[in-house]
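Down below is the structure, laid out as structure tokens.
The values are calculated or read from the model by the stated rules, or taken from the named source; none is laboratory data. The structure presented is a predicted model; accordingly, all values stated were derived computationally and were not measured. Here the Cβ positions follow ideal geometry from the backbone for every residue, glycine too, while neighbour counts run over all protein chains shown. Note: areas computed on protein heavy atoms with side chains; ligands, DNA, RNA excluded. Shrake-Rupley method; radii C 1.70, N 1.55, O 1.52, S 1.80 Å.
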Amino acid sequence: MSESGQGLSIRVQKVRGIVNKFDSNRDGCLNRIEMAALIIAVNPGINKEEMEAILEQIFSPSYVGEFIEEPKGLSLEVLLRMYDDEAGDLDRDFDALGLHLESTTEDGTQEPNDAPAETKVRPPPATYNRGRWC
């Protein structure tokens, strides 16, 4: 595998790890609540107004809204595109969340890492409903 292909593969694995950690309903995408939990986890000091602004920007049709799988939310591919567009720092977020890459055996199969099993991240205490925080 080329060096650039390997780099992309690692980025995909990192985004997949993030999606898996926050995808509480296991539909393969991050909805507004799941995305809010991710943003809070990597920006613990964020306030409600900043969170609303970020979510509005992310889910707006002019940003990635046209690629959102309604009602599911942001797919792995869309989140990868956002990180590629520097909407966040993938390496910083991945490390801040304490995630680990899986290792690959010689035959190409995935081998689980020896990190503790992921704990599900609960949505933030406030919930987002119909464009407003409750």
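Taking the conditions exactly as written (within 14 Å of the chain's Cα centre (by Cα) and either surrounded by 19 or more Cβ atoms within 10 Å (Cβ to Cβ) or small (Gly, Ala, Ser) (or both)), does Ile18 satisfy them or not? Yes: the conditions hold for Ile18. Within region 21-42, the set of residues being touching a strand residue (DSSP E or B) at 6+ places or on another chain (Cβ under 6 Å) and open to solvent by 10 Å² or more (accessible area, probe 1.4 Å) comprises Asn31, Arg32, Ile33.
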